[in-house]
Each structure stands twice: as C-alpha cells, then as structure tokens.
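Each remark here refers to the structure printed beneath this line.
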Amino acid sequence: MPRAAIQNARPALRRLPTRPSQMVQALISRLLPLLFGSQGLELSHRDAAEGLAKAFSAQQSGASNLLIAFRHPSTRDPLVLADLFWNRVPQAARRLKLQLPRPIQLRFLYDRGIPIWAGPVIGWLLQRSGGIAIHRGRLDRPALAQARTALAQGRYALVVAPEGATNNLSGEMAPLEPGVAQLAFWAAEDLEKASDVQQLEVLPVGIHYRWRQHNWGALDARLSALECHLGISSANAEPENAETSRRDRLIQIGMNLLKALEQLERLKPDPDQTFSERIGAYRLHGLGKAEAHFALRAVGNLQERCRRIEQAAWDRIYREGVDQLPPLERSLADWEAREADLQLTRMRLVEHFTSVSGHYISDCPDFDRFAEMLLLVEEAIGWIEDKPWKGQPNLGAQRVELRLGRPLPVRPRLQQYRGNRREAMQLLMQDLEQALVAVMPDASRETATEA
C-alpha cells in the first residue's frame, strides 16, 4: 500500500453511496480476461464455478440467501472473484443447464480507506460494482445496516472477507473477524420476523496463488539484490544445502530490516529472544506508541488494534468544518494531522511485519512460500524507503485456484444464538475457519514445474 505524507488537515470523509451499474459491470467482465492474459495469470475454478452456479440458481429462484466469505491473501482477489462471479459462474450455469433469470449482481463490503490510497477511479468502480464502503475501525452502523438489509432481502449475494484485510500468504490464514457471524445472525433474525422461509447459507471460497514455474534462479538473484541493498555479505550455498541457505538468508535479511526498525524506535532487543520473538516485541512496541498517542486502550487482536489506530488517525486528518476554523486553530489542526499521519505510518510498518516470520517457510519450504515471504520483505523495504521496490528478475506468471467449501446453514443456529449469542457466533466462526482451511490446497502438493 503506497504511503502519502499528510501535511494539512482535510475535510471529513463523506460516505460513499452504492451506485451499481450493469454497464460498468459488463465492461469490467469483458476486460478481466484480457487483463489476466496480459499478466499471465491462469485461473482454475471449474468446481467452484459449478458449485456457485447451483447456489446462485437457488438464490435467484428465491430458495436461499447467500453470504459468501472468501479467503483474502492478495489485493488481486476482488478482480479474480469478479471474473468468477460475472464470467465463469454464468458459463457453468449454461453448461449445467441451470436457470439464472438475471445477471449476477453482488453487494460487498470494502474498506473506506481504499479510495484514499488507490485513488478516486478505484472508488468510483467499487461503488458501481455494488460495493458498500465501511469504516473498519469503528462501529459503522449505516454500512452494517445496508449490508444486513441486502443479505436479508436476498436479491443480491453479500460478499465479505472474514480476515478483514490481505495477509499476502496463500498458505496461512489470518484470524477471522466476528462481524461475518453477526451479519449472518442479524439477517436470519430478519427473515424469521418476516416469516420468510428462505434459507440463509454462508459459502466459504478459498483462493490460493501458485507460481506456474519454480524459478529458483530468479528468487536467488532477488535475495542477492536485497543483501547488496542492505550491505549483507552472503556465502554461496552448496547445492545440497540450498534450501536451508535460502531460509537463513531470508531470515538474515529480515533480521537486518528489524534491526533498523528497532534503532528507529530506540527499542533495545533482548539478546536471548528469537527472531520471531523480536518481531513480536517490535509489533507490540509500535502499536503501544501509536495507541498511547491517541489515548486508545490496548485491547483485542493485532488486526483490531490496527483498525482502531487507523480510525483515530483519520478522525484527526479528516475533520468536520476544518475550512471554517480560524487561522490559529487551523494551524493546530494541521499539526495534529501531521502527527496522526506519523502514527499511521508506524502502524503500517507493524502491519507489514504481521506476516513476516521464520515458521512459514520452515513449516513447508516450497517455492511459493519462499516467494511470498520474499515479496513481503521487498514490500516492507519499499514502504520504509517510500518508493516501490522493483524486484528483478521476474519470478514468473502465477496460477490462482478457487475452491468452494461446504455451505454453512445459519437459520438452524438461531435457537442457540438466542440462548447465548457470543457462543453461537464463536461456533459459527470456528466452523467457517475450518471450512476455509479445508479448501486451502495441501502445501506439500507440487503442481508447478521446475524452471
């Protein structure tokens, strides 16, 4: 995510309305195959497309309402899903001779911050594709009410990412946020009150990226470029020790990066701590400083804490009536905005290190995991230096696999929800997590060829 230095307070963020356009949707659906072709991205989703074709056929006939919960490992996921829903599912429906009386239209939740860093054109496209903008760091009642109504009415499937944000790792899932379960139970209650007999199902969709070829030479060259950039000397690895050497080199790069951040924060590490423990200490330190600045309580998991910090920063950067302030108050508001942006940058650095670890590669030292961790480190360096890291040579084209998990009916859980809401939500989220893990491909299964 690119970083923009804030120098002045800005007018308050306005709510972005949902303005779906079938013309825009049709245009996007035609352009997506061309875009994927230019990127060399190969999509595999026959089983998912056929399963979803059956689900959408039932939904459009009025038999069920759909809440689609997808894994979110990459910023490309929305485009991949758009192609799945708008192109592949209708094709599968025709192949299976299933009725889809109308084009598939969706409602989906997206972070209100995306148009800030991605630009107004992206915001415009999200609005016209059925997006519901939500402030993730606070209780955004209007957005939640809109999503709840859409799900209960059933005309549109509601699409959400339970992880809340990308973690850039296809082989490891971030903690799920409970808002998915809450929306599902709210909509189920609304259906019950309206004496509506439609079923309500949560459909898990797995997304997994792989490199189509394992270009270890390109990966080694990029490791060498990072080592040169950071002033690290590396010895040539013996062929039989290449796997261990790459892991050690990547950890050494991460360690040097971490040392720089610790110096920046004046954080003295414990010499007895492991690499993972030092990363954890840095994360807690960075979040703690940002929370102290905004007088926030340090409660919840890492994602929840990051979202609250983000919202607190936005509240100071984007302010109501800022243009009507007298000169001195406007200057103070600008000062507060600059300080808030600094804390937001600190939180972003913590976010970039959320997924950096030694165990991800140690658990399964395949090319895809090495490459994903390498890209994470390159992105972190680009963020710190405030310019994109141009990794060369290219690691090659990718393949994305989409899988549909077992549906989770919600209405049979309503009695339990009325008796103990927290427990019912926890159980639904546990079942959703298990269903998403079940559609994550076995990391040990090799599908690509060696380059």
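The values are calculated or read from the model by the stated rules, or taken from the named source; none is laboratory data. What you see is a predicted model; the values in this text were computed from it and never measured. Positions of Cβ are backbone-derived with ideal geometry, glycine not excepted, and every protein chain shown enters the neighbour counts.
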Taking the stretch 180-193 and keeping residues touching a residue at least 24 places away in the same chain (Cβ under 8 Å) and more than 21 Å from Ala55 (Cβ to Cβ) leaves Gln182, Glu189, Glu192
State yes or no: is Ala55 more than 18 Å from Ile207 (Cβ to Cβ) and touching a residue at least 60 places away in the same chain (Cβ under 8 Å)?
no
Is it the case that Asn87 is outside the structural domain of Ile317 (by TED's automatic domain parsing), farther than 19 Å from Gln127 by Cβ and either touching a Gly at 6+ places or on another chain (Cβ under 8 Å) or free of Cβ contacts under 8 Å to residues at least 24 places away in the same chain (or both)?
no
Subset of the stretch 150-163 (residues that are part of a helix (DSSP H, G or I) and under 11 Å from Thr18 (Cβ atoms)):
Ala150
Residues being over 19 Å from Glu310 (Cβ atoms) and either surrounded by 18 or more Cβ atoms within 10 Å (Cβ to Cβ) or not hydrophobic (A, V, I, L, M, F, W, C) (or both): count how many of those fall in the stretch 90-136.
23
Boolean, Gln273 is within 27 Å of Leu395 (Cα to Cα) and either exposed (fewer than 14 other Cβ atoms within 10 Å of the Cβ) or of a type in the set (S, T, N, Q) (or both)
no
Condition check for Ala69: of a type outside the set (Lys, Arg), under 15 Å from Arg403 (Cβ atoms), in contact (Cβ under 8 Å) with a residue 40 or more places away in the chain and in the same structural domain as Val205 (by TED's automatic domain parsing)
yes
Counting only residues that are touching a strand residue (DSSP E or B) at 6+ places or on another chain (Cβ under 9 Å) and of a type outside the set (Val, Ile, Thr), which one in the stretch 178-195 is surrounded by the most Cβ atoms within 10 Å (Cβ to Cβ)?
Ala184
Quick check on the stretch 401-410. Is at least one of its residues of a type in the set (Asp, Glu), touching an Asp or Glu at 6+ places or on another chain (Cβ under 8 Å) and within 24 Å of Pro175 (Cα to Cα)?
no
With Arg319, Arg305 as the choices, which residue is among the basic types (Lys, Arg) and in contact with a strand residue (DSSP E or B) (Cβ under 9 Å, 6 or more places away or on another chain)?
Arg319
Answer with yes or no whether Gly137 is part of a loop (DSSP other than H, G, I, E, B), within 14 Å of Ile68 (Cα to Cα) and touching a residue at least 40 places away in the same chain (Cβ under 8 Å).
no
Looking for something within 20 Å of Ala281 (Cα to Cα), in contact with a helix residue (DSSP H, G or I) (Cβ under 7 Å, 6 or more places away or on another chain) and without any contact (Cβ under 8 Å) to a residue 40 or more places away in the chain - is there at least one such residue anywhere in the stretch 388-397?
no
Boolean, Ile207 is touching a residue at least 24 places away in the same chain (Cβ under 8 Å) and in contact with an Asp or Glu (Cβ under 6 Å, 6 or more places away or on another chain)
yes
Set Leu158, Leu203, Leu183, Leu151: member being at pLDDT 95 or above and either of a type in the set (Phe, Trp, Tyr) or touching a Gly at 6+ places or on another chain (Cβ under 8 Å) (or both):
Leu203
Just to be sure, is Gln416 at negative phi, modelled with pLDDT of 95 or more and either assigned to a loop (DSSP other than H, G, I, E, B) or outside the structural domain of Leu264 (by TED's automatic domain parsing) (or both)?
yes
Only unsatisfied item for Gly51, checking (1) crowded, with 19+ Cβ neighbours inside 10 Å; (2) at pLDDT below 95, is (2)
Filtering the stretch 254-272 down to residues that are in contact with a helix residue (DSSP H, G or I) (Cβ under 7 Å, 6 or more places away or on another chain) and either of a type in the set (Ser, Thr, Tyr) or not in a helix (DSSP H, G or I) (or both) yields Glu265, Leu267, Pro269
